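Notes for the one structure printed next.
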Amino acid sequence: MTNKIVSAVNMELTSAIREYAEKRFASLDKFVREADTGMMEIEVSQTTNHHKQGAIFRAEVKMTADAKEYYAVSEAEDLYAAIDDVKEELERQITAKKDRDISLFRRGARSVKKMLKGISKRNPFTSKY
């Protein structure tokens with residue numbers, strides 16, 4: 001279970017915005033191990049860019065889970081759309097990292113198995129023959 005800190009810049013943080021952000025990012029808790037208590041800082045803000053008219057909302061999330069840090073930012077004309085975009089980007093980053101770790105582990109295990117069978121003389125730890 002990650003600790004979530006929600007803050008707002010240049011706007012008022014209402015209870016509806018806080019509840020929406022916490023509810024959206026609650027699904028990311030499944031990627032965190034039970035023993036690890038991750039930290040998630042969610043910052044929503046209202047900005048205006050000189051080339052756009054009206055309010056532009058920005059959602060920024062910094063997450064620490066399993067001793068790894070993830071960061072995502074999104075800007076949109078709707079605050080809730082920015083929160084959704086940042087959540088999807090964070091989920092993409094976490095799954096990509098997990099897939100990479102799994103494939104590296106399997107590649108190393110495959111190499112060790114070949115070495116033990118005598119098929120390959122290559123040492124998987126030093127990558128030398």
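Remarks
- Only one of 65, 81, 72 that is surrounded by 12 or more Cβ atoms within 10 Å (Cβ to Cβ), touching a residue at least 40 places away in the same chain (Cβ under 8 Å) and small (Gly, Ala, Ser): 65
- Scan of region 3-23 for residues that are closer than 18 Å to residue 84 by Cβ and under 22 Å from the mean Cα position of the chain (by Cα), ordered by number: 4, 6, 8, 17, 18, 19, 20, 21, 22, 23
- Residue count for region 49-92 under the criterion of being within 19 Å of residue 29 (Cβ to Cβ) and either of a type in the set (Phe, Trp, Tyr) or in a helix (DSSP H, G or I) (or both): the result is 11.
- For region 21-34, filtered to residues that are assigned to a loop (DSSP other than H, G, I, E, B) and exposed (fewer than 13 other Cβ atoms within 10 Å of the Cβ), the residue that is modelled with the highest pLDDT is 33.
- Members of region 5-20 found to be assigned to a helix (DSSP H, G or I), of a type in the set (A, V, I, L, M) and loosely packed, with under 14 Cβ neighbours inside 10 Å, listed by number: 16
- Candidates 127, 120, filtered to the one that is among the hydroxyl-bearing types (Ser, Thr, Tyr), surrounded by 13 or more Cβ atoms within 10 Å (Cβ to Cβ), modelled with pLDDT under 85 and farther than 22 Å from residue 16 by Cβ: 120
- Out of 37, 95, one residue alone is among the β-branched types (Val, Ile, Thr), assigned to a helix (DSSP H, G or I), exposed (fewer than 15 other Cβ atoms within 10 Å of the Cβ) and at pLDDT below 90. It is 95.
The values are calculated or read from the model by the stated rules, or taken from the named source; none is laboratory data. Just so it is clear, the model here is predicted, and its values are computed rather than measured. Quick reminder, even Gly has a Cβ in these numbers, built from the backbone with ideal geometry, and neighbours come from all protein chains shown.
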